[in-house]
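Each remark here refers to the structure printed beneath this line.
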Amino acid sequence: TFGTHSVRAGAEVRSKHNQLVAIQRRTPAYTFNGAVTNNDVADLLLGQARSLSATTAPVIEWKQQAYSGFIQDDWKVSPALTLNLGLRYEYGTPYYGAGENKNVNFDFTTGQLLFTTENDKYLINPDRNNFGPRLGFAWQATPERVVVRGGFGVFYSIEDMRGSEGV
């Protein structure tokens, strides 16, 4: 606290590890083509499948780090007016594959698949300009009962940051 100013600051670091089950086809796929009876439906009714395909549901593991920090000044301008001025910065890395699961991206310019390397585990350009200003006020309009409050802020969701640009 400095005179009429009350300044606060803070930071947060999070490491997230998500598991996603890819459910494209969890049930078997049968093909009936009339190879036994010369009729697809008859083969179905007899249980004479031409082919069967079944896959397991792969588990995809993703990791992400999230970093944020803020500074805020609550400034008591007068006995009836307080201003809240602040700035927050947030950065969330793009999700990247954990363990054996690696990221893959498609380069539309060259028509090639891109795979992760030791130097680039994201394969997209991360968004690093997430500055969120905060502005608020509290004004005591009458000495006893009426207080008017308002605020403005720019907020970012770092839960699903995939980057601002593709490769």
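What the phi angles of the range 6-20 give under the Karplus curve with 6.51, -1.76 and 1.60, with θ = phi - 60°, is a coupling list of 10, 9, 10, 8, x, 8, 9, 10, 10, 10, 10, 10, 10, 10, 10 Hz, glycine and proline written as x.
Summed over the residues of the chain and divided among them, the accessible surface reaches 71 Å² per residue at a probe radius of 1.4 Å.
Restricting attention to the chain, lysine pairs at least eight places apart or on different chains and with alpha-carbon atoms under 27 angstrom apart total 6. Summing charges over neighbours of Gly132, with a neighbour being any other residue whose Cβ is under 14 Å away from its Cβ, gives 0 when K and R count +1 and D and E count -1. Each stretch of four or more DSSP H residues adds -39500 (n - 2.57); spread over every residue of the chain, this sum gives -1000 deg cm²/dmol at 222 nm.
Annotation: amide H-H contacts under 5 Å for Ile60 (H modelled 1.01 Å from N, sequence separation of 5 or more, or interchain): Leu20, Val21, Ala22.
In sequence order, the range 79-85 has phi-based couplings of x, 9, 9, 10, 10, 10, 10 Hz under the Karplus curve 6.51 cos²θ - 1.76 cosθ + 1.60, θ = phi - 60°, and Gly or Pro positions carry x. With θ taken as phi - 60° and the Karplus curve 6.51 cos²θ - 1.76 cosθ + 1.60 applied, the whole-hertz 3J(HN,Hα) list for the range 46-62 is 7, x, 9, 6, 7, 8, 9, 10, 9, 10, 8, 8, x, 9, 9, 10, 10 Hz, x standing for glycine and proline. Distance from the Cα centroid of the range 90-138 to that of the range 1-80 is 16 Å (rounded to whole angstrom). Residues whose amide H falls under 5 Å from that of Asn33, counting only those 5 or more places apart or on a different chain, are Arg50, with hydrogens built in the peptide plane. Distances between placed amide hydrogens fall under 5 Å for Asn130 paired with Glu90, all partners being 5 or more residues away or on another chain. Rolling a 1.4 angstrom probe over the range 48-122 with all protein chains present gives an accessible area of which 56% lies on carbon and sulfur atoms.
The values are calculated or read from the model by the stated rules, or taken from the named source; none is laboratory data. These numbers come from a predicted model, not from an experiment. Here the Cβ is made from the backbone with ideal geometry for all residues, glycine too, and neighbour counts use every protein chain on show. Just the protein is used for accessible areas: all its heavy atoms, side chains included, with ligands, DNA and RNA removed. Shrake-Rupley method; radii C 1.70, N 1.55, O 1.52, S 1.80 Å.
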